Amino acid sequence: MEAIPLLAHESPSAVVAYRGGLAIDARQFIADAVRLGDRLPAGAHVLNVCSDRYRFTVGLAACLLTGRVSLLPSTHTPAVIRQLAQFAPDAFCLTDEPSCTIDLPKFHFPQFPQERGPTWQIPRIAATQLAAIVFTSGSTGMPLPYKKTWGKLARCVLDGAPRLGLLDGRRHTLIGTVPSQHMYGFESTVLLGLMSGNAFGAERPFYPADICAALAAAPHPRALISTPVHLRTLLAAGVDLPAVELIVSATAPLAADLAREVETRFGARLIEIYGSTETGQIATRRTADTATWHLWPNVRLTATDDRVFAHGGHVEQETLMCDIIDIVNDEEFLLQGRTADLVNVAGKRSSFAYLNTQLNAIPGVIDGAFFLPDADRLSGTGVVRLAAVVVAPTLNSAQLTEELRQRIDAVFLPRPLLLVDRLPRNATGKLPHHALQSLAERYLRGAP
């Protein structure tokens, strides 16, 4: 049976992670994973919510070494946790937060002495071992599970690393603004660090000053693993940007103009990743130069009756894609938007991606998004009207509406247009629909 090393750091002194500017080497990492594995309680399923990226990774490794499965749901709301407990009744929560309120049996990450193991050996994990179960919310809101084996996860990041230039023989430092528990952060910081022999930062900086500080403290060459929302906020902050060699973006479409501005301001190339919870990462593009996506080796897309399926390579099973995709050839495609992104108002069609692009292109708009509220609550006529929520401190609703009138068809003008201090984005920059709906309901009640 094929077995794959737990990490690609061949020397025991090779750096796996940095925390607070201090290096943690491979021997220490293996020792910590073995010690944690020996202490974990009896349950085969582990909800790993450690916010420290190093502790999360030690928890993942401990689970792999002891045959446990890491559970990675899309959110940690009470409803999702209840559903998770039904899915895996033996599940417990591994946390590094003393005040963790997740309603599962808890095991707090212990404090280990700074001592390395007496021997040096890289554990090998069977390629077929179930490493994780990731969850995505379906149309009913029920979390849908997708199994991920160690071999497929390793193949995904190893096939992607050369596209990013992260297998060039140098030791890169990966600084991520996304949580380890999200599929993108899981693959592009945790797994990519382990499998490519590079190091990652234990912290997850969020604010622009913190991101810059984390980058400045990291050894060169540096890679920033981020999202369009975080990148836009970083540029708008007007702070001095530390030098980096690579920027990676995912979780939402990245506008070409923003990609070019990021590359200019940082003086580095930006690579955008395309994928999903179901498939993992499957394609990249340099967004500043091209709209064409390039598939991972051996991953293929097949169109059947206007539906597109991904299969091959590291994709665990043939998977229906939730996007509108134009296949160019066996290795390339164009992305036209999500199937759920299309909107039809008064017989006219557009997409939320297009509308959001026009909204955010207005001078003075810092952030903004269209959404479709509950029509019954916003209108007694049953007429579907779009709403928008906008951060634009120097503009009022009338000015924004007039700017939009110059850019989009009048039937798509938002009613209401809500001006807020910030959008209710989650840790990866996405806007949960329930949060937008809550804003619309507050507007109806006249609440501030």
Quiz item: Just checking, how many residues over the stretch 59-77 are aliphatic (A, V, I, L, M), over 11 Å from I133 (Cα atoms) and under 18 Å from the mean Cα position of the chain (by Cα)?
Solution: 1
Quiz prompt | Verdict on I247 being of a type in the set (V, I, T), touching a residue at least 40 places away in the same chain (Cβ under 8 Å) and over 25 Å from P393 (Cα atoms) | solution = no
Practice problem: Report yes if some residue within the stretch 256-268 is of a type in the set (G, A, S), within 18 Å of L335 (Cα to Cα) and either under 21 Å from the mean Cα position of the chain (by Cα) or part of a loop (DSSP other than H, G, I, E, B) (or both); otherwise report no. | Solution: yes
Quiz prompt | Answer residue from the stretch 186-223, given it is among the small types (G, A, S) and in a strand (DSSP E or B) and is surrounded by the most Cβ atoms within 10 Å (Cβ to Cβ) among those | solution = A223
Quiz item: How many residues are assigned to a loop (DSSP other than H, G, I, E, B) and under 26 Å from the mean Cα position of the chain (by Cα) when one looks only at the stretch 15-44?
Solution: 3
Exercise. Would you please name the residue that is surrounded by the fewest Cβ atoms within 10 Å (Cβ to Cβ), looking only at residues in the stretch 269-279 that are part of a strand (DSSP E or B) and touching a Ser or Thr at 6+ places or on another chain (Cβ under 8 Å)?
Key: S276
Exercise. Return the residue satisfying two criteria in turn: it lies in the stretch 294-317 and is over 22 Å from the mean Cα position of the chain (by Cα) and exposed (fewer than 15 other Cβ atoms within 10 Å of the Cβ), and of such residues it is modelled with the lowest pLDDT.
Key: D306
Exercise. Return the only residue of F266, F333 being in contact with an Asp or Glu (Cβ under 7 Å, 6 or more places away or on another chain), crowded, with 19+ Cβ neighbours inside 10 Å and closer than 22 Å to P162 by Cβ.
Key: F333
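One line per residue, one yes/no per condition, for (1) surrounded by fewer than 12 Cβ atoms within 10 Å (Cβ to Cβ); (2) free of Cβ contacts under 8 Å to residues at least 12 places away in the same chain:
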residue	(1), (2)
A85	no, no
D90	no, no
C100	no, no
L104	no, no
H108	no, no
P113	yes, yes
Q121	yes, no
T136	no, no
Quiz item: Restricted to the stretch 127-186, and to residues that are aromatic (F, W, Y) and more than 24 Å from H9 (Cα to Cα), which residue is modelled with the highest pLDDT?
Solution: Y146
Quiz item: Here are some conditions: (1) of a type in the set (G, A, S); (2) surrounded by 19 or more Cβ atoms within 10 Å (Cβ to Cβ); (3) touching a Gly at 6+ places or on another chain (Cβ under 7 Å). S226 meets all but one. Which one does it not meet?
Solution: (3)
Self-check item: Residues that are in a helix (DSSP H, G or I), modelled with pLDDT of 85 or more and loosely packed, with under 15 Cβ neighbours inside 10 Å, drawn from the stretch 402-448
Solution: E402, R405
Quiz item: Is it the case that the stretch 280-289 has a residue that's hydroxyl-bearing (S, T, Y), crowded, with 23+ Cβ neighbours inside 10 Å and in contact with a Gly (Cβ under 9 Å, 6 or more places away or on another chain)?
Solution: no
Practice problem: Assess whether H230 counts as being over 19 Å from the mean Cα position of the chain (by Cα) and in the same structural domain as G169 (by TED's automatic domain parsing). | Solution: no
Quiz item: Looking at A250, is it closer than 26 Å to F352 by Cβ and over 19 Å from the mean Cα position of the chain (by Cα)?
Solution: no
Quiz item: Can you name the condition, by its number, that L94 falls short on among (1) in a loop (DSSP other than H, G, I, E, B); (2) modelled with pLDDT of 95 or more; (3) more than 20 Å from L144 (Cβ to Cβ)?
Solution: (1)
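The values are calculated or read from the model by the stated rules, or taken from the named source; none is laboratory data. Since we're looking at a predicted model, the values are computed, not measured. Every residue, glycine among them, receives a Cβ derived from its backbone with ideal geometry; neighbour counts consider all protein chains shown.
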